[in-house]
Each structure stands twice: as C-alpha cells, then as structure tokens.
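One structure is given below, encoded as structure tokens.
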Amino acid sequence: MSRSSQKRSSRVFDLPIHRCSRWIFNCYVIEGDDNQTVIIDPGLPSTAALSIDLITRLGRSSTELHSMATHGHSDHVGGLPMMRQRLGSATHLPGLCESYLQGTKPRAFGSDAALRFLPIFGQQPFSGTALREFVGGSTKIGFGGQAEQFQFPYEPTGFLQDGDRVPGGKEWEVIASPGHADEAVSYFHADSGTLLSGDAVVTLDGEAWFNPEWVDETACRQTEERLRSLDVNYLLPGHGLPIWGNPWKQAKSFKDQPQGRGGLARCSRRFGGWDSL
C-alpha cells in the first residue's frame, strides 16, 4: 500500500471503523459481526480501491463482505461493482432503489441547491482523480448530474428498509433519511452513538450541517427532527470530516447559510437562492 494511500485510509477515532477518502468522497469500512466486514458508500472507483486495499491489509478479504450505499447518487454507488468483482462482496441498496430499477424516475435537485452545497468542496484535500471520476461516473452508475434515470449493472443482493438491521452488522440500524434524496438512509449504532449519515448531514468547518442540497423540504425537515432525536457521539458524514462529541449542539439546519469569508461560502450565500427558501 502506498504512502499516499495510507494517508487517505485511517481509523475513525477509537471505533472499529476506517475511512477511505478521495477529496470530499468518504467511504467507510466497518469491522462487523463474526468476522464480517461492512463497506458503506464505495462511491468512486478510487475510494473503492482504497477500501479493497485496506480490507486486504487488515486480513479481512476472505471474510464475508457486505457493500451498501446511503443513497443512489453516482458518487455513493459507483464503486459497488468493483467491490463485487474484486472481493465477491454482496450488494445492498436502499429500498426505493428497487422501484428505480423497475423504471421509476428519481427526483433531482436544481442548480440553486448545488450552489448552496459549494462550501463542502473546500473541506478536504483536493484530488483530480476524484474529480474526473465524479464527473465521468455520473452518466454510468446510479443517478445524478446528466443521468436522470437510475442505472445499475447487475441485480443487487437485497434492499434495505427503515428499521432493518445492517447485514454483517446486526447492531447497526437502517434509518430512513429522505430529503437530499428520496431513497436516502443513514446507519446508526446506538451502543456507541455512531451515525453514518451519508448526505443527510455533512460537516462544515468541524460542525454538523443538515444538507442544504435537497429535493423535498418537508422530508428534509422530518429527517432533521428524527436524526436530532438520536443520541449521537460520533458523526461520520458522506462529505466532510468526521466529528465527535454532541454534533447537534452547534449543528446548522438545512436552511442555515454557511458562514465565513471563504470564496466558496461567499458564492453559496450570493448565488444559492437562500432568499427563496
């Protein structure tokens, strides 16, 4: 494993969880039950490759592997085929993705929402590889960007519903978290207070921010209320750096504008259509 790869793969706090990241795209590897391994959001080919490297280095490549996503956007599902091909990993998608595969068209947010999200792009070290994969993958697997219909190259092992236990990690619960995407879920480990929030909650400058990039305001509000009711000690977001402590104490709501003098924050405030929310 290269030195640069080691820097992009690291254990998260004192948890049996590892983060594999390229730019703002986080993939998490959980050391699960009975020598099983759970991989969350191997969205880019490069983050999937980092997670495979990590799993091999940890000696878990021969264990039972379960790969899954928090929602169907390409930057969260794009590396799932690699996990299946290289490690024989089972694939689990959020429940609503089953209807997408049957032809239901997923909803997408507009350009104003994307502009509101801009400050997140400055939160982690930039990677040209990740940018190329992000742009190129949006038309091949999942949906988002130019791909309006959900695309997936094989039949998933199964679909996860609200309240289900995570395959390979029975102490983890699936939490429906729509708003950013209708099918979105989070994964919660109550004993440790760990929330893998996907894009329902991101982090900005060390604080939680309920994602201002959304397709359904009512669902976004309900998800915020539900997640705030959870006793969370560790927040592991799909984008941004993990944080610990009580993330809700300083958390920004999905309609709260980003602060700061940085160019991305200023562009977000000026062009993000906040006044119309």
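Read-outs throughout are calculated quantities, based only on the coordinates presented, and are distinct from any laboratory measurement. As the structure is a prediction and not an experimental result, all values here were calculated from the model. Methodologically, a virtual Cβ is constructed for each residue, glycine included, from the backbone with ideal geometry; neighbour enumeration extends over all protein chains shown.
Would you check which residues across segment 182-208 are farther than 18 Å from His71 by Cα and of a type outside the set (D, E, K, R) and list them?
Once the filter is applied, which keeps residues that are farther than 18 Å from His71 by Cα and of a type outside the set (D, E, K, R), segment 182-208 yields His189, Ala190, Ser192, Gly193, Thr194, Leu204, Gly206, Ala208.
Kindly indicate whether Ala90 is surrounded by fewer than 16 Cβ atoms within 10 Å (Cβ to Cβ) and farther than 23 Å from Phe126 by Cβ.
The answer is no for Ala90.
Within segment 205-243, can you find the residues that are in a strand (DSSP E or B) and surrounded by fewer than 23 Cβ atoms within 10 Å (Cβ to Cβ)?
Glu207, Tyr234, Ile243 - these are the residues of segment 205-243 that are in a strand (DSSP E or B) and surrounded by fewer than 23 Cβ atoms within 10 Å (Cβ to Cβ).
Name the single residue, out of those in segment 153-186 being within 16 Å of the chain's Cα centre (by Cα) and either of a type in the set (Val, Ile, Thr) or loosely packed, with under 15 Cβ neighbours inside 10 Å (or both), that is nearest to Arg228 (Cα to Cα).
So the residue we want is Ile175.
Only one of Gln149, Gln124, Gln85 is assigned to a strand (DSSP E or B) and surrounded by fewer than 24 Cβ atoms within 10 Å (Cβ to Cβ); which?
Unique residue meeting the criteria: Gln149.
Every residue in segment 36-46 that is in contact with a strand residue (DSSP E or B) (Cβ under 6 Å, 6 or more places away or on another chain) and either farther than 12 Å from His18 by Cα or not hydroxyl-bearing (Ser, Thr, Tyr) (or both), please.
So the first thing to find is which residues in segment 36-46 are in contact with a strand residue (DSSP E or B) (Cβ under 6 Å, 6 or more places away or on another chain), and the list is 37-44, 46.
Result: Val38, Ile39, Ile40, Asp41, Pro42, Gly43, Leu44, Ser46.
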